[in-house]
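The structure under discussion appears below in the form of structure tokens.
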Amino acid sequence: MRMFTRNDDKLLYITDSLAIPLSEIEISAVRAQGPGGQNVNKVSSAIHLRFDIRASSLPEFYQEKLLALNDQRITKDGVLVLKAQQSRSQEKNKSEALLRLQELLLGVTVIPKKRRPTAPSRSSQLKRVDSKTRRGKDKAMRGKVVL
């Protein structure tokens, strides 16, 4: 995955032709959960990232695909909420949250290929039936010998 910003131009790049301004992303530091000793009680190292899908500059097509996702991180109001708290560093958590947002948006931009149903060829069908018949005959030969 490539870096999410280029030359401090205040954009989050999703693809070469799609980017969103960092001003549309609300980032706030909160206290992390879990073990960590005194540090977890004193320092706000976890990051809450909020991205309002409907109010964003994303093209309508991508907004619709994002809102159609069955993702518990997207609220009923169309706000994507990500929490990053893996690292003890606020900067690392911020980078991780932006990277996860980038990956989610990148997943929406990929258009899956249409599946073209295919049928097995006549010769492959015959080969299959022949091998089944041959195998059945081999197994039948294993039975008890009747005199």
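The spread of Cα positions in the stretch 11-109, taken along each principal axis and listed from longest to shortest, comes to 46, 28, 20 Å.
A simple rule links phi to the HN-Hα coupling: the Karplus curve 6.51 cos²θ - 1.76 cosθ + 1.60 with θ = phi - 60°, which for the stretch 112-120 gives x, 5, 5, 7, 9, x, 10, 10, x Hz, with x for Gly and Pro. Among 73, 115, 31, the largest mean-square fluctuation in a Gaussian network model of the chain (Cα springs under 10 Å) belongs to 115. For the chain, the longest principal axis of the C-alpha atoms and the axis of helix 122-140 are separated by about 60°. Taking θ as phi - 60° and the Karplus parameters 6.51, -1.76 and 1.60, the scalar couplings of the stretch 72-89 work out to 5, 7, 9, 6, 5, 7, x, 10, 8, 10, 10, 10, 10, 9, 5, 8, 8, 9 Hz in sequence order, x denoting glycine and proline.
Do you know the Lys pair count in the stretch 11-109 for C-alpha distances under 24 Å, with sequence separation 8 or more or different chains?
7
In the chain, the calculated helix contribution to ellipticity at 222 nm averages -11500 deg cm²/dmol per residue, counting -39,500 (n - 2.57) for every DSSP H run with n ≥ 4.
Springs between Cα atoms under 10 Å define the GNM used for the chain, and in it the highest mean-square fluctuation of 56, 124, 89 occurs at 124. In summary, the lysines within cross-link reach of residue 127, defined as a Cα separation below 24 angstrom excluding same-chain residues under 8 places away, comprise 137, 139.
Only the coordinates and a few stated rules stand behind these numbers; no lab work does. Just so it is clear, the model here is predicted, and its values are computed rather than measured.
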